[in-house]
Amino acid sequence: MKPIILLSLCLASMSANATETITESRTISLETKNLGIEISPTFSGIFFEDINNSLDGGICAQLIQNFSFQQYMVPDAPAKEFSQADSIIFGWSTINKGGAEGKVTTVSENPLLTDMPRYYDFDTNDKYNDELRYIQYCVKFDIKEAGEGFGLAANGYGISEYGSERAGYYYSNNTQIPSIAVNKGVSYDLSLYLQGAAYDGKVSIYLEDANGRVNSEVYVIENLKDNWTKYTTTLKAERTADSRLAIVADKAGIFYMDFVTLMPEASELWMDGKAGPFRKDLMQALADLNPTFMRFPGGCASEGTNYFGQVFWKNSVGKVEQRIGFRNHWGYWTSQYVGFYEYLLMAESLGATPLPVLNNGVTCQFAGHQYIVPLDTEEDRKRFYDIFVKDALDFIEFCNGDTDTEWGALRAEMGHPEPFNLKYLGIGNENKGEAFWERFDIMYNAIKEKYPEIIIVSTAGSASDGKEFNDNYVQIDEKYPDTYVDEHYYKNDNWFYNNRDRYNADKVRGSQGIKYDRERPTRVFVGEFANNGTNNAYVSTLAEAAYYTSLEQNSDMVVMAAYAPLFCKKGFNKWNANLIWFDNRGMWRTTNYYYMKLFSKAGNRAFATTDVMNGDAIDEKVYISPTIDTESGEIYLKLVNSEAVAKDLQIKLDNRNIYKVVLEYISSDDTSIKNQGAQNYYSSYPGIVNFNYNEAIVPQTTGFGPVKKSFNINIPENSVCVIKLIPEK
């Protein structure tokens, strides 16, 4: 038998930038036999919104921006976005070598596809030109003199200096410098369509760096056919350098090009590309969070700023060539190379249950509800049903239907004959008012009639309290008590510390005098929360983690919770706090990310403890959440020490089991540290020397044991900790 020992560890010196600290003594008793609530099995998840350029040019590994040349001038959008003339091709540059003359323009006269599906019959009498959604563009090369080479170069998805020339919703990325971050020895799968018209020369395709040096083998295409033809090859990068894809002609003449894509080899993709076209490093970071659910694609992005920004899932499935991109809520183009099907694959590969959000014809309230689908006439109501209600019903069929159904068959055709087992569906986001609830009611009743098992997610609005919050809960209490209510709040650190009792069973919710009553069917989904004022400084991590312990201890009411936003590309942040910052080559996980990673695992039951005591007084600066796995006996004590004082904690147990102890924690004496560094620190920023992706604060792990009945453990200053007790066998 192993000897039983009592250990006291001095770990404070392991904190980031640690200086000599004073250690104080504390005590706590764990009453593991006094079980509390069941911990929600879907409690800790993620929310992916296409914000901060996080999808195209982000987690989507496809490297060519505006690959289908669809980035048209969007009605009601700011004037500086996207292409303002057919000779301005967003994300592309003309190549003129050695006296070459010609022009390249976007045209709709010669579409690649003549069988584009049209799932929606919009109102032909309104002010909008809906044909803009369906016009198919390609590029036309009209070469007068080839010189030493005339062509077009795809620059990829650039990184721009933070704050440079952008304001309001103008957040597009018309980079004119080589920005495709290729790596030496890696192969890139190229695909494009070409059609000859009056051209008998060659087309050469290759990577080249910013100095004009060829950075791959040259792929040469001869004898262009007079019908659209798909060409594929691989280009292996010779050097690690930001590059562009050059497509160069050597003779005068006319030809057409469309749908140019470039994808890293399978080894560079998440799960070798079997789970979608996703960057491996960013997806691994999500997998390390152990998410139990994934909400997508927004947020505000699910509704759009205006009429043309609305998201329609059917336009995002099927063949990628047939998908219809759009100008999204956050002011840049969403190509839908990653559509709802790929989102479902993404969630499945992470082991997360999907929580998609559909709009109900009411665009984002913060943009003034610029469009509300009419319900004035019978024709209007039928159109609303055919577009929005049927969209929701058909989406459930796409996810869960048998393969002999219309939409289940499409899912199978796309490669997933097994159902996705959809359980949750959000309708709208942060909305309010009669117009929203009238349309919500129609969709809710239709879904519940056909699919009563689906849990619908409603909304408390955009604030943690106030008139909007109260009015929305009146609607929910009276008509939709079986929904999960999506609550959002972005607050300061004091709010997070001072509102840890928000979801306690005795706490009154809003102004109606109703409590967060466990006897009622209504449950809460904290779909978005963060401190958005500190730019991910470590101080926000301590406050959020303290609050998170209370959410877990109330997860019989708060059944789901997610930080927001999830991703931000350096130089393109529309939000000041984001879980993961990245550029074209790497990423920085914030300390907010690391507390969520540490807290992502728990037992299945809460249990009682004493307060953390400092002699006869309660230590008000220590926050805890104790859980136990009733099958394995493993104990998880999540703990936040929000003081710049290390604490020697004596832990007493109410059983005679023998345990191994593992402590995981983050800590820093400097609470202003930001793991992502400065806003304009990224791999392509000019003048940066000694660039790296180092993170100042990362989790530390130590273990000891065996222990029994009582042991001491040192909790570092300003720390977020998980103390795991593993029964010895």
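Of all residues in the stretch 200-233, those satisfying the criterion of being of a type in the set (S, T, N, Q) and either surrounded by 15 or more Cβ atoms within 10 Å (Cβ to Cβ) or not in a strand (DSSP E or B) (or both) are S204, N211, N215, S216, N223, N227, T233.
When D465, D501, D471 are checked against the criterion of being surrounded by 17 or more Cβ atoms within 10 Å (Cβ to Cβ), acidic (D, E) and at negative phi, a single residue qualifies: D471. Out of all the residues in the stretch 568-576, is one or more surrounded by 21 or more Cβ atoms within 10 Å (Cβ to Cβ) and assigned to a helix (DSSP H, G or I)? No - not one qualifying residue is present in the stretch 568-576. Criterion first (polar (S, T, N, Q) and crowded, with 20+ Cβ neighbours inside 10 Å) does N53 satisfy it? Taking the combined requirement at face value, the residue satisfies it.
Considering each residue of the stretch 513-563, count those that are free of Cβ contacts under 8 Å to residues at least 60 places away in the same chain and at positive phi, and give that number. The number of residues fulfilling the criteria is 1. Checking S672, S684 one by one, the residue that is under 30 Å from Q176 (Cα atoms) and either polar (S, T, N, Q) or without any contact (Cβ under 8 Å) to a residue 40 or more places away in the chain (or both) is S684 and no other.
Conditions (1) closer than 21 Å to V720 by Cβ; (2) at pLDDT below 95; (3) among the polar types (S, T, N, Q), marked per residue:
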position: Y636; (1), (2), (3): yes, no, no
position: L639; (1), (2), (3): yes, no, no
position: Q650; (1), (2), (3): yes, no, yes
position: L653; (1), (2), (3): no, no, no
position: I658; (1), (2), (3): no, no, no
position: Y665; (1), (2), (3): yes, no, no
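Within the stretch 146-186, restricting attention to residues that are surrounded by fewer than 19 Cβ atoms within 10 Å (Cβ to Cβ) and small (G, A, S), the residue that is modelled with the lowest pLDDT is G168.
Restricting the search to strands (runs of 3 or more DSSP E) fully inside the stretch 641-729 and requiring at least 1 residues that are aromatic (F, W, Y) gives 658-667, 700-708, 710-715. When the stretch 242-274 is filtered for residues that are of a type outside the set (S, T, N, Q) and under 15 Å from E217 (Cα atoms), the ones remaining, listed by number, are R244, L245, A246, I247, V248, L262. Could you give me the residue pairs with C-beta distances under 9 Å whose first residue belongs to the stretch 632-655 and is under 13 Å from N614 (Cα atoms) and assigned by TED's automatic domain parsing to the domain that holds E552, whose second residue is surrounded by fewer than 17 Cβ atoms within 10 Å (Cβ to Cβ) and at pLDDT below 95 wherever it lies, and which are 6+ apart or on separate chains? Note: no pairs meet the criteria. Just so you know, in the stretch 331-365 the residues that are assigned to a strand (DSSP E or B) and hydrophobic (A, V, I, L, M, F, W, C) include one that is farthest from the chain's Cα centre (by Cα), and it is V362. Can you find, within the stretch 312-348, the residue that is farthest from N173 (Cα to Cα) among those that are hydrophobic (A, V, I, L, M, F, W, C) and modelled with pLDDT under 95? This residue is I324. Taken over the stretch 234-256, the residue count meeting the criterion of being surrounded by fewer than 21 Cβ atoms within 10 Å (Cβ to Cβ), hydrophobic (A, V, I, L, M, F, W, C) and in a strand (DSSP E or B) is 2. Consider Y594 carefully, then state whether it is modelled with pLDDT of 95 or more, in the same structural domain as A696 (by TED's automatic domain parsing) and not β-branched (V, I, T). When the stated conditions are applied, Y594 does not pass them. When every residue of the stretch 227-249 is checked against the conditions, none turns out to be in contact with a Cys (Cβ under 8 Å, 6 or more places away or on another chain), of a type outside the set (S, T, Y) and either at pLDDT 95 or above or closer than 30 Å to I177 by Cα (or both). Restricting the stretch 430-486 to residues that are aliphatic (A, V, I, L, M) and in a loop (DSSP other than H, G, I, E, B) leaves a set whose member that is farthest from E49 (Cα to Cα) is I454. Determine if the stretch 510-520 includes at least one residue that is at pLDDT 95 or above, surrounded by 20 or more Cβ atoms within 10 Å (Cβ to Cβ) and either outside the structural domain of N431 (by TED's automatic domain parsing) or more than 28 Å from the chain's Cα centre (by Cα) (or both). Checking the stretch 510-520: at least one residue is at pLDDT 95 or above, surrounded by 20 or more Cβ atoms within 10 Å (Cβ to Cβ) and either outside the structural domain of N431 (by TED's automatic domain parsing) or more than 28 Å from the chain's Cα centre (by Cα) (or both). For residues that are surrounded by 20 or more Cβ atoms within 10 Å (Cβ to Cβ) and of a type in the set (K, R), scanning just the stretch 630-671, find the one that is nearest to T701 (Cα to Cα). The qualifying residue nearest to T701 (Cα to Cα) is K638. Taken as a whole, the condition of being crowded, with 16+ Cβ neighbours inside 10 Å, touching an Asp or Glu at 6+ places or on another chain (Cβ under 9 Å) and either acidic (D, E) or in a loop (DSSP other than H, G, I, E, B) (or both) applies to S600.
Against the list (1) in contact with a Phe, Trp or Tyr (Cβ under 8 Å, 6 or more places away or on another chain); (2) within 30 Å of M587 (Cα to Cα), the condition N690 fails is (1).
Yes/no matrix, rows are residues, columns are (1) closer than 22 Å to Q62 by Cβ; (2) hydrophobic (A, V, I, L, M, F, W, C):
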{"residue": "V214", "(1), (2)": "no, yes"}
{"residue": "N227", "(1), (2)": "no, no"}
{"residue": "F259", "(1), (2)": "yes, yes"}
{"residue": "A285", "(1), (2)": "yes, yes"}
{"residue": "N290", "(1), (2)": "no, no"}
{"residue": "M294", "(1), (2)": "yes, yes"}
{"residue": "T305", "(1), (2)": "no, no"}
{"residue": "G318", "(1), (2)": "yes, no"}
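Do we find a residue being touching a Lys or Arg at 6+ places or on another chain (Cβ under 8 Å), charged (D, E, K, R) and either closer than 30 Å to L269 by Cβ or in a strand (DSSP E or B) (or both) anywhere in the stretch 117-133? There is no residue in the stretch 117-133 that is touching a Lys or Arg at 6+ places or on another chain (Cβ under 8 Å), charged (D, E, K, R) and either closer than 30 Å to L269 by Cβ or in a strand (DSSP E or B) (or both).
Filtered by the rule that a residue be without any contact (Cβ under 8 Å) to a residue 24 or more places away in the chain and either on the phi > 0 side of the Ramachandran plot or crowded, with 21+ Cβ neighbours inside 10 Å (or both), the stretch 328-377 gives Q336, G368.
Comparison of S710, S668, S683, S719 shows that the only residue that is within 25 Å of the chain's Cα centre (by Cα) and among the small types (G, A, S) is S683.
The values are calculated or read from the model by the stated rules, or taken from the named source; none is laboratory data. Predicted, not measured: the structure shown is a model, and the values here were computed from it. Positions of Cβ are generated from backbone atoms using ideal geometry, with glycine treated the same way; all protein chains shown enter the neighbour counts.
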